[in-house]
């Protein structure tokens, strides 16, 4: 059984990666926004940070020509962020070592990823590729940065942590890892080797959908509610009025009925659940593979795989639009 909605599942013909369309505009999530969680607004940038970013922007745009490649790794990060703010994928790629990764497998099926930065899916993880295009530089803050002495391979490394805000309001802390020199070191230039986002702990999960919550956090919050047996809480993260089961449409209020039938019923009161992988279909659509462990009849343990499709609505709130059971194994 599948509780489905408008966000398409990553199905594909045999041997081909799923190429899914952008979801149509969804209805807003209502007044339950960040204020309901009491989440504080990010502090304003210190004047030194704003001046630093302004200097980088002026250098980049001077005379309409690309500025000289920076020798400071921190400036490489800032120039990369400037290109992302302008949604300039080609300009951003200039500072990154690496290209696209093979199509990820979600729920046993390959998925063709989308989004502005899909060509950098190797070094950039899913959350960073989602929040960086068009990011709000006025809410960008450098948290820390340090150099790592050259290792056995002779390469220098630099790590910087940056707090960013997406144009949709979602916030994230990104860790930039840069490298210079060594085998494949890019001719002595500093280059971004990887960008990864911090994952929120269970104490940082949203209690209701709001625009600053990431889709991964929405999936995990839904799973926490289901593990506790609180179907009403889990229903808050479902797109309103779009749940569907057994080939018919049903209001979100009937989620309890859908979760009362197998295989979705195995999610209620499950013992443990883990995000096994995600894929970015667009900046407004994500699919996530979830493996949940529960008790089967006779006392055996059951590992069930589900695919959660999560889409952004008109109020920039991420909502669960589809839960698909893929397979179960009893052990």
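Within the stretch 75-106, the residues that satisfy the criterion of being in contact (Cβ under 8 Å) with a residue 60 or more places away in the chain and touching a helix residue (DSSP H, G or I) at 6+ places or on another chain (Cβ under 8 Å) are 80, 81, 95, 96, 98. Residue 189 meets the conditions (1) crowded, with 22+ Cβ neighbours inside 10 Å; (2) at pLDDT 90 or above in every case but one. The failed one is (1).
For the stretch 180-195, the criterion of being under 17 Å from the mean Cα position of the chain (by Cα) and at negative phi is met by at least one residue. For the residues 208, 192, 224, the requirement of being assigned by TED's automatic domain parsing to the domain that holds residue 265 and not in a loop (DSSP other than H, G, I, E, B) singles out 224. What about residue 178, is it under 24 Å from residue 281 (Cβ atoms), touching a helix residue (DSSP H, G or I) at 6+ places or on another chain (Cβ under 8 Å) and modelled with pLDDT of 95 or more? Criteria not met by residue 178. So which of 273, 294, 309, 328 ends up being more than 30 Å from residue 167 (Cβ to Cβ), assigned to a strand (DSSP E or B), modelled with pLDDT of 90 or more and under 19 Å from the mean Cα position of the chain (by Cα)? That would be 273, the only listed residue that is more than 30 Å from residue 167 (Cβ to Cβ), assigned to a strand (DSSP E or B), modelled with pLDDT of 90 or more and under 19 Å from the mean Cα position of the chain (by Cα). Residues in the stretch 135-175 that are farther than 20 Å from residue 123 by Cα, in a loop (DSSP other than H, G, I, E, B) and in contact with a helix residue (DSSP H, G or I) (Cβ under 7 Å, 6 or more places away or on another chain): 140, 170. Scanning the stretch 239-249 for any residue that is more than 22 Å from residue 198 (Cβ to Cβ), at pLDDT 90 or above and surrounded by fewer than 21 Cβ atoms within 10 Å (Cβ to Cβ) turns up nothing. Residues in the stretch 272-330 that are surrounded by fewer than 16 Cβ atoms within 10 Å (Cβ to Cβ) and touching a residue at least 60 places away in the same chain (Cβ under 8 Å) were compared, and the one that is nearest to residue 169 (Cα to Cα) is 314. Of the residues screened, residue 85 is not one that is surrounded by fewer than 17 Cβ atoms within 10 Å (Cβ to Cβ) and not assigned by TED's automatic domain parsing to the domain that holds residue 274. Residues that are under 15 Å from residue 84 (Cβ atoms) and in contact with a strand residue (DSSP E or B) (Cβ under 7 Å, 6 or more places away or on another chain): does the stretch 144-157 have at least one? Within the stretch 144-157, none of the residues are under 15 Å from residue 84 (Cβ atoms) and in contact with a strand residue (DSSP E or B) (Cβ under 7 Å, 6 or more places away or on another chain).
The values are calculated or read from the model by the stated rules, or taken from the named source; none is laboratory data. As the structure is a computational prediction, the values presented were derived from the model and not from experiment. Cβ: placed from backbone, ideal geometry, glycine included. Neighbour counts: every protein chain shown.
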